[in-house]
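Report on the following structure.
The values are calculated or read from the model by the stated rules, or taken from the named source; none is laboratory data. Fair warning: this is a prediction, and the values are worked out from it, not measured in the lab. Cβ placement follows ideal geometry from the backbone for every residue including glycine, while neighbour counts extend to all protein chains displayed.
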Amino acid sequence: MNRTKSLSGELLRLKEEIHQYAVDYGLDFYPVLFEVCNYDTVCILAAQGGFPSRYPHWRFGMDYDQLSKGNTYGFQKIYELVINTDPCYAYLLNSNRTIDQKLVMAHVYGHADFFKNNAWFSSTDRKMMDVMANHSTKIRRYMERYGQDTVEIFIDRVLSLENLLDVNVLFETSEVKSNRKKFQKLVQEEEGIEYENERSSASLRSFMRSKIGEKDEDIEGPKEEDSRPMQDIDEIYKGSRDIMKFMMDVAPLKEWEADIIGILREEAYYFLPQRMTKIMNEGWASYWHSKIMTQHACRASEIVDFADVHAGVMAMSKQSINPYKIGIELFRDIEHRWDTGKFGKEYQECTNMAEKESWYKETNQGKDKIFEVRRSHNDITFIDEFFTQEFCERQQLFTYDYNPRTGRNEISTRDFSEVKNKLLSQLTNFGNPIIEVETSNDQNRGELLLNHIHQGVDLDLNYAGDTLNNMFALWKRPVNLKTVQDGKQVVYCFDGREMKTRS
Amino acid sequence: MDHPIKRDHARFRKIVKGRVRDNLRKYVSSGEMPIPKGNGQFKVPMPSIDTPRFKFGDQKQGGLGQGDGDQGEPIDGQEGEGEPGQGEAGEGEGSKELDVEMSMDELASILGEELELPFIEPKGKKTMESTVDRYTSIGTVGPDSLKHLKRTYKQALKRQIASGVYDPDNPVVIPIRSDYRYRSADTKVEFDNSAVVIYMMDVSGSMGDEQKEIVRTESFWINLWLKSQYKDIEVRYIIHDATAKEVDEETFFRTRESGGTLISSALKLCKEIIDSDYNSEDWNIYPFHFSDGDNWSTDDTKLCLEILDNEIIPQSNVFCYGQVESRYGSGQFYKDLHSKYGESADNVILSKIKNKDAILDSIKDFLGKGK
């Protein structure tokens, strides 16, 4: 059953045209394969994160339900879908107008360039299409063997950990990994512990587990669990934010369970860079669709339609910021500043606003600069470095707070540093609380203690309780969480029945 | 074969159904009713079915916006909408209320499963036959508007191949008169069984808003179940204090009168309605009476029992009396009925509804006999 078709006729001609523009602008990407499909198929693909084949799980069904409903009622519409693979797959909706298709293609080339060149994507597996399909097969097999409900419930639990990742793992180059491995080996040798006899079973395990190319290193994990005192587990994992890996290595799990955590962890890390570069990625793609369309691809008769669609994408909202809008404006601002010399020590230290405003030095480094930025930054560093007071004012940004008296959210300030701080705090740790492993032998009772690094916003307690419940099911001993609630430090303990506060 | 996501989808629907079933008691007792959407679907308010994760709490943490406006200017909501916790704002991953749609049959089956309700055996021969035409077969004659082109051309191709006219190098297929195929109707006999529910309610002063809310919730779920059991269902409403009148649904739940209570007035009207509109040979009749149990006099109660005995009960599938507890009601009528019919009467069901939490049990009382 083929739900998608490759391009032909007019669309193929358009693709070649736009491809050429993109190349001429210096965009650099893996080959992009466009496929045409109907809306139902787009909904299916979007629900599955862009991939045609995923493991069976109800949440894909839920997303599909919501997406297709959104379309029926006309609330929302998926315009483009592109996935980070080599070759890069992108989907076009067969019901779109020609102008939409052009815009989407131009936009997709922007994304494709970003996927290939941004440093945070450098360790993502470009053959993810196959990897996902393999994961799907594996999990189906487990379902056949252990029962669909059993496996699905286990997946439900693991998904509770899906946001407990360590962004630094993305940058573990093979060099770093092998260095660490050597170091750990050295430590073990000094301690004179004999591992050889366990090696075979351990390597069997590591073979079972899906990892991001760190199969060797994995051998260390289960070993600790088997033969070393619990303090040593803490030595390795204390402060670790990669809770999924921690659970996979240390929790008392069956082989297939650990394998499933490995599978889900690999997928979570695959999607992580996209969550960390939402503003940049969308901004970059929008920058290029706008450039390609307005300078080349758009015919005079289409310009109004283009403006309409583009304005829709760039719409500002008072309730939240639009990553497309902030992203494209920031890239344009950077280009403009580096074209006109508005950067560097001299410019920064100038205190005369009028002078700053009319600053002009013909530097013409704009284009080089934005390409450089798209290579090395993520959203946080992007905002931190390039979000200026002038930009903040021009974009009319503000922060708002809830006013309990009126029951509404009200604008609280337009102050530059507050806006910037708010923006950065929303982006910190890709918008998720930072949770670290504190000890796996809390109170010397084999309980797990996690530490929430509190940065001003409390955790949602209902969710935290349910999450601890799911973690308990994996850890099989009480799970504790140290956090701050209403300004006071508390430790919540989930002992398998209920969540209690521990004094 | 369908895309595998359809299985994920089916699984999701199953989970949703499970959730609704688990929370049925809560839905029913909080009076939070599924909202009908007009196309036979109901929108069910759904507590989110998210995967639990550590996430930031408190929607009131504020956020970032873009646009005009001075400090202190509200950016969302309506003035005076001061409900705390309503401030829905901020971050993309805010609260995701799930809008789940369920068909009436699904909801009814959940109710049925949860309460273990038996299916209703419609009364005796009182089913009406009707014929329905469905276009499920193919014929050789028919009007042009029903022409089945695919079959026609298939037939033409067959004929051409069989007669050796078909040329693979020039694959032209031309149907002739005898190749034409038309969609044609199969006539099926279906049985209609129709039911009428007659709700009677005491609206005298002693019945407060809470009592009415209970009746309203209860009647919604009773209707839902009966609708799933009968092809066609009519609902009539009667309110009474010392006199009775027939009203529409809206008025039924809104009206509040003061003054005395003569239950017999409602029963008389009920009997008149049955006599004039619903021949008990053809209709399954369900009179429901709700009150707080006060009646004006013992004489009137006597009259009531007479009407019930001689007129209403013989014609009905079952007569149901629900007594909603109120601060003012004496609850005497329940006792009177109980002493006459007892627990085991075949076609009289009595139920006491203490408070909202008891609604579900009382529904079970009424419908649990499969009448």
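Is it the case that segment A:259-279 has a residue that's under 30 Å from A:I303 (Cβ atoms), in contact with a Phe, Trp or Tyr (Cβ under 7 Å, 6 or more places away or on another chain) and not basic (K, R)?
Narrowing segment A:259-279 to residues under 30 Å from A:I303 (Cβ atoms): A:278-279.
Within this subset, residues satisfying the condition of being in contact with a Phe, Trp or Tyr (Cβ under 7 Å, 6 or more places away or on another chain) are A:279.
Filter once more, so that each one left must be not basic (K, R): A:279.
For segment A:259-279, residues under 30 Å from A:I303 (Cβ atoms), in contact with a Phe, Trp or Tyr (Cβ under 7 Å, 6 or more places away or on another chain) and not basic (K, R): present.
Being among the hydroxyl-bearing types (S, T, Y), facing chain B (nearest Cβ under 10 Å) and buried (at least 21 other Cβ atoms within 10 Å of the Cβ) is the filter here, so list the residues in segment A:394-452 that pass it. Give the steps one after another, and end with the answer.
Going through segment A:394-452, the residues among the hydroxyl-bearing types (S, T, Y) turn out to be A:399-400, A:402, A:406, A:412-413, A:417, A:425, A:428, A:439-440.
Narrowing further to those that are facing chain B (nearest Cβ under 10 Å): A:399-400, A:402, A:406, A:412-413, A:425.
A:Y400, A:Y402, listed by residue number.
One residue is enough: does segment B:146-162 have a residue meeting the conditions exposed (fewer than 11 other Cβ atoms within 10 Å of the Cβ), of a type outside the set (A, V, I, L, M, F, W, C) and assigned to a loop (DSSP other than H, G, I, E, B)?
Looking only at segment B:146-162, we keep the residues that are exposed (fewer than 11 other Cβ atoms within 10 Å of the Cβ), and these are B:149-150, B:162.
Keeping just the survivors that are of a type outside the set (A, V, I, L, M, F, W, C) gives B:150.
Keeping just the survivors that are assigned to a loop (DSSP other than H, G, I, E, B) gives none.
No: zero hits.
Can you give me the number of residues within segment A:117-155 that are out of contact with any Lys or Arg (no Cβ under 7 Å at 6 or more places or on another chain) and under 27 Å from A:M280 (Cβ atoms)? Don't jump to the end; show me each part of the working.
So the first thing to find is which residues in segment A:117-155 are out of contact with any Lys or Arg (no Cβ under 7 Å at 6 or more places or on another chain), and the list is A:120-131, A:133-135, A:137-155.
If we keep only those that are under 27 Å from A:M280 (Cβ atoms) as well, we get A:120-129, A:131.
Number satisfying all stated conditions: 11.
How many residues, within segment B:342-371, are without any contact (Cβ under 8 Å) to a residue 40 or more places away in the chain and surrounded by fewer than 15 Cβ atoms within 10 Å (Cβ to Cβ)?
Here the count works out to 5.
Tell me which helices (runs of 4 or more DSSP H) are completely within segment A:207-322 and hold 2 or more residues being in contact with a His (Cβ under 9 Å, 6 or more places away or on another chain), away from chain B (no Cβ under 14 Å) and at pLDDT 90 or above, or say none if there are none.
Per the criteria, A:255-276, A:278-292.
What number of residues in segment B:1-19 are among the aliphatic types (A, V, I, L, M) and at pLDDT below 80? Break it down stepwise before answering.
If we filter segment B:1-19 for residues that are among the aliphatic types (A, V, I, L, M), which is where we start, we get B:1, B:5, B:10, B:15-16.
If we keep only those that are at pLDDT below 80 as well, we get B:1.
So the answer is 1.
Could you please let me know if B:P84 is within 23 Å of A:N409 (Cβ to Cβ), within 8 Å of another protein chain (Cβ to nearest Cβ), modelled with pLDDT under 80 and surrounded by 12 or more Cβ atoms within 10 Å (Cβ to Cβ)? Give the derivation first.
Working: within 23 Å of A:N409 (Cβ to Cβ): yes; within 8 Å of another protein chain (Cβ to nearest Cβ): yes; modelled with pLDDT under 80: yes; surrounded by 12 or more Cβ atoms within 10 Å (Cβ to Cβ): no.
For B:P84, the condition - within 23 Å of A:N409 (Cβ to Cβ), within 8 Å of another protein chain (Cβ to nearest Cβ), modelled with pLDDT under 80 and surrounded by 12 or more Cβ atoms within 10 Å (Cβ to Cβ) - is not met.
Could you identify the single residue in A:L450, A:L423 that is in contact (Cβ under 8 Å) with a residue 60 or more places away in the chain and touching an Asp or Glu at 6+ places or on another chain (Cβ under 7 Å)? Step through it out loud before you land on a result.
Numbers: A:L423 fails: touching an Asp or Glu at 6+ places or on another chain (Cβ under 7 Å).
Step by step, each of A:L450, A:L423 is checked, and only A:L450 is in contact (Cβ under 8 Å) with a residue 60 or more places away in the chain and touching an Asp or Glu at 6+ places or on another chain (Cβ under 7 Å).
Is it true that some residue in segment A:411-425 is on the phi < 0 side of the Ramachandran plot, over 20 Å from the mean Cα position of the chain (by Cα) and basic (K, R)?
Yes, some residue in segment A:411-425 is on the phi < 0 side of the Ramachandran plot, over 20 Å from the mean Cα position of the chain (by Cα) and basic (K, R).
For segment A:291-336, enumerate the residues that are within 19 Å of A:K367 (Cα to Cα) and in contact with a Lys or Arg (Cβ under 9 Å, 6 or more places away or on another chain).
A:I292, A:M293, A:G327, A:E329, A:F331, A:D333, A:I334, A:E335, A:H336
Of the residues in segment B:339-371, how many are of a type in the set (A, V, I, L, M, F, W, C) and in a loop (DSSP other than H, G, I, E, B)? Before you say what the answer is, go through the steps one by one.
From segment B:339-371, those of a type in the set (A, V, I, L, M, F, W, C) are B:345, B:348-350, B:353, B:358-360, B:363, B:366-367; that's our starting set.
Checking the rest, the ones that are also in a loop (DSSP other than H, G, I, E, B) come to B:345.
So the answer is 1.
Condition (residue is within 14 Å of another protein chain (Cβ to nearest Cβ) and without any contact (Cβ under 8 Å) to a residue 12 or more places away in the chain) applied to segment A:117-131: is it met by at least one residue? Quick ask: steps written out before the conclusion?
Step one: filter segment A:117-131 for residues within 14 Å of another protein chain (Cβ to nearest Cβ), giving none.
No, every residue in segment A:117-131 fails to be within 14 Å of another protein chain (Cβ to nearest Cβ) and without any contact (Cβ under 8 Å) to a residue 12 or more places away in the chain.
Only one of (1) out of contact with any Pro (no Cβ under 6 Å at 6 or more places or on another chain); (2) surrounded by 14 or more Cβ atoms within 10 Å (Cβ to Cβ); (3) closer than 22 Å to B:M207 by Cβ is not met by B:C270, so which one is it?
(1)
Among the residues that make up segment A:478-486, is at least one of them free of Cβ contacts under 8 Å to residues at least 24 places away in the same chain and either surrounded by 20 or more Cβ atoms within 10 Å (Cβ to Cβ) or not assigned by TED's automatic domain parsing to the domain that holds A:Q231 (or both)? Working first, answer last.
Step one: list which residues in segment A:478-486 are free of Cβ contacts under 8 Å to residues at least 24 places away in the same chain, which gives none.
No, there is no match, as no residue in segment A:478-486 is free of Cβ contacts under 8 Å to residues at least 24 places away in the same chain and either surrounded by 20 or more Cβ atoms within 10 Å (Cβ to Cβ) or not assigned by TED's automatic domain parsing to the domain that holds A:Q231 (or both).
Restricting the search to segment A:396-421, which residues are in a loop (DSSP other than H, G, I, E, B) and at pLDDT below 85? Lay out the reasoning, then the answer.
Looking only at segment A:396-421, we keep the residues that are in a loop (DSSP other than H, G, I, E, B), and these are A:396, A:404-407, A:414-415.
Within segment A:396-421, A:P404, A:R405, A:T406, A:G407 meet the criteria.
Select the helices (runs of 4 or more DSSP H) contained entirely in segment B:209-301, then report the ones holding at least 2 residues which are of a type in the set (S, T, N, Q).
Numbers: elements: B:209-229, B:249-254, B:263-277.
Counting at least 2 such residues, we get B:209-229, B:263-277.
Please go through segment A:457-477 and pick out each residue that is within 25 Å of A:P252 (Cα to Cα), facing another protein chain (nearest Cβ under 7 Å) and either surrounded by fewer than 19 Cβ atoms within 10 Å (Cβ to Cβ) or charged (D, E, K, R) (or both).
Looking only at segment A:457-477, we keep the residues that are within 25 Å of A:P252 (Cα to Cα), and these are A:463-477.
Among the residues that remain, those that are also facing another protein chain (nearest Cβ under 7 Å) are: A:463-464, A:466-467, A:470.
If the condition is that a residue be within 25 Å of A:P252 (Cα to Cα), facing another protein chain (nearest Cβ under 7 Å) and either surrounded by fewer than 19 Cβ atoms within 10 Å (Cβ to Cβ) or charged (D, E, K, R) (or both), then A:D466 is the only one that fits.
Given the criteria under 21 Å from B:G63 (Cβ atoms) and not hydrophobic (A, V, I, L, M, F, W, C), does A:N429 qualify? Spell out how you get there, then give the answer.
Details: under 21 Å from B:G63 (Cβ atoms): yes; not hydrophobic (A, V, I, L, M, F, W, C): yes.
Judged against the criteria, A:N429 is a match.
Which residues, taken from segment A:257-297, are of a type in the set (G, A, S) and within 14 Å of A:L165 (Cα to Cα)?
Taking segment A:257-297 and keeping what is of a type in the set (G, A, S), we get A:258, A:262, A:268, A:283, A:285-286, A:290, A:297.
The answer is A:G262, A:A268.
Which one of these does A:T72 not meet: (1) under 24 Å from the mean Cα position of the chain (by Cα); (2) modelled with pLDDT under 90?
(1)
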